[in-house]
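> Structure in structure tokens, see below.
The values are calculated or read from the model by the stated rules, or taken from the named source; none is laboratory data. All of these numbers come straight from a predicted model, not from anything done at the bench. For neighbour counting, all protein chains shown are included, and Cβ atoms are generated from backbone atoms with ideal geometry for every residue, glycine included.
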Amino acid sequence: MMTTAADPALARIVESIQERKRFVIVSHARPDGDAIGSALAMAYALRVLGKQARVVSKDPAPEPLQMFPGVEEIEITDHVDDPGDAVIVMECGDLTRPAIAGLETGFVINIDHHVGNTGYGNLCWFDERAAACGEMVFDLVGALGVTLTVEIAVHLYVAIVTDTGSFHFSNISARTFDICRQCIEAGVDPQAVARRLFDSNSMGRLRLFGAVLNDMELDPTDQVATLVVDDALLTRCGATLDDMDGLINQPLTVKNLVAVIMFKSAGPDGWRVSMRSKGAVNVNTVAAGFGGGGHVNASGCSAAGTLSTLKPLFLQRVSDAIARAV
């Protein structure tokens, strides 16, 4: 695999990597499949080039990702004393997202595909067309002249499968599937990956899904579902935050539903609000109005207040987004 670094930002990153030896690779706190997959694929590629690569994370990888190669080597920490010759930050809108102190003291390379990235760092490569940060890492690996190994390929594939919602979201392109084809040719077993990602759930996760969906609320048009998860519910179900992964997508399997709003408690009167949608319904505009961001069909933000106030507010904003999409 050889990709030409035609993008000037990509070319500068390639040159910077070639000049350096020691790297620290990070992504956002509470990492998902794209965060873990992109970071580990990058680490494996750098090691092929004879460079040193540490992957650090504020939080452990979710349980379904624990079985993939290299995950056990990720350093769990909230600070970095030695940022190496460069810090590569994956899919973080700003440098606070990893929740790791000390990153700012290094030479920071910012690689992201989420609308709202602040352009931080010594080098910044942003591509909102990418379906996953893993697509950008694929380009970077190729531009560095590294051939896909099974380890690199499996993490790129995991990144893409998870960040596209199993190929549900609107930012998927023919290129997305071509990258997956090349990953499979490099040795990835799609069935084995799918079983690890989607058939390794805990009983607490099953109970949580049942409880939350049982209390799901629908708007008068039956087009928007609202879900609520708080710490008491997690405890009652014997579930963890990781067990919430994928929960928000379940209502969208209903034909007439086009959007989902999920509130997760985050301290006194604080809520993490996640939104998903179908087709042209742009929930990113809703999240941006509250200082958040993401993609057209998958975005999130934080909000303060009571549910009695926030539910109708977000419902109105999402309903407006639906009306604009018609």
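> If only one of I184, I152, I179 is outside the structural domain of S277 (by TED's automatic domain parsing), in contact with an Asp or Glu (Cβ under 9 Å, 6 or more places away or on another chain) and β-branched (V, I, T), which one is it?
None of the other options fit; the residue is I179.
> Still on this structure: When residues of segment 19-43 are filtered for being among the β-branched types (V, I, T) and in contact with a Gly (Cβ under 8 Å, 6 or more places away or on another chain), how many remain?
Of the residues in that region, 1 qualify.
> Let me ask another. Any residue at all in segment 34-50 that is of a type in the set (F, W, Y) and closer than 30 Å to M203 by Cβ?
No, there is no match, as no residue in segment 34-50 is of a type in the set (F, W, Y) and closer than 30 Å to M203 by Cβ.
> Could you list, in sequence order, all residues of segment 182-238 that are more than 22 Å from S274 (Cα to Cα) and of a type in the set (D, E)?
E185, D189, D199
> All but one of (1) among the aliphatic types (A, V, I, L, M); (2) touching a residue at least 60 places away in the same chain (Cβ under 8 Å); (3) not in a helix (DSSP H, G or I) hold for L40, so report the exception by its number.
In the conditions (1) among the aliphatic types (A, V, I, L, M); (2) touching a residue at least 60 places away in the same chain (Cβ under 8 Å); (3) not in a helix (DSSP H, G or I), L40 misses (3) alone.
> Which condition number in (1) under 30 Å from L313 (Cβ atoms); (2) in a helix (DSSP H, G or I); (3) out of contact with any Leu (no Cβ under 7 Å at 6 or more places or on another chain) is the one that I160 fails?
With (1) under 30 Å from L313 (Cβ atoms); (2) in a helix (DSSP H, G or I); (3) out of contact with any Leu (no Cβ under 7 Å at 6 or more places or on another chain) applied to I160, the lone miss is (1).
> Look through segment 235-271, keep the residues that are basic (K, R) and at pLDDT 95 or above, and return whichever of them is surrounded by the most Cβ atoms within 10 Å (Cβ to Cβ).
Result: K264.
> Name the residues in segment 295-326 that are small (G, A, S) and either crowded, with 21+ Cβ neighbours inside 10 Å or at negative phi (or both), would you?
Listed by number, the residues that qualify are A298, S299, G300, S302, A303, A304, S308, S319, A321, A323, A325.
> Within segment 138-145, does at least one residue satisfy the condition of being touching a Cys at 6+ places or on another chain (Cβ under 9 Å) and assigned to a helix (DSSP H, G or I)?
There is at least one residue in segment 138-145 that is touching a Cys at 6+ places or on another chain (Cβ under 9 Å) and assigned to a helix (DSSP H, G or I).
> Output the residues belonging to segment 222-270 that are out of contact with any helix residue (DSSP H, G or I) (no Cβ under 8 Å at 6 or more places or on another chain) and more than 28 Å from A194 (Cβ to Cβ).
Answer for segment 222-270, where residues must be out of contact with any helix residue (DSSP H, G or I) (no Cβ under 8 Å at 6 or more places or on another chain) and more than 28 Å from A194 (Cβ to Cβ): D222, D230, D231, A232, T235, A266, G267, P268, D269, G270.
> Taking segment 76-117 only, how many residues are farther than 17 Å from A288 by Cα and part of a loop (DSSP other than H, G, I, E, B)?
Count: 16.
> Just give me the residues in segment 188-218 being farther than 19 Å from P251 by Cα, touching a residue at least 12 places away in the same chain (Cβ under 8 Å) and exposed (fewer than 14 other Cβ atoms within 10 Å of the Cβ), in sequence order.
Listed by number, the residues that qualify are P190, A194, M203.
Conditions (1) of a type outside the set (A, V, I, L, M); (2) over 18 Å from the mean Cα position of the chain (by Cα); (3) crowded, with 23+ Cβ neighbours inside 10 Å, marked per residue:
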residue: E63; (1), (2), (3): yes, no, no
residue: V87; (1), (2), (3): no, yes, yes
residue: C92; (1), (2), (3): yes, no, yes
residue: T96; (1), (2), (3): yes, no, no
residue: G106; (1), (2), (3): yes, yes, no
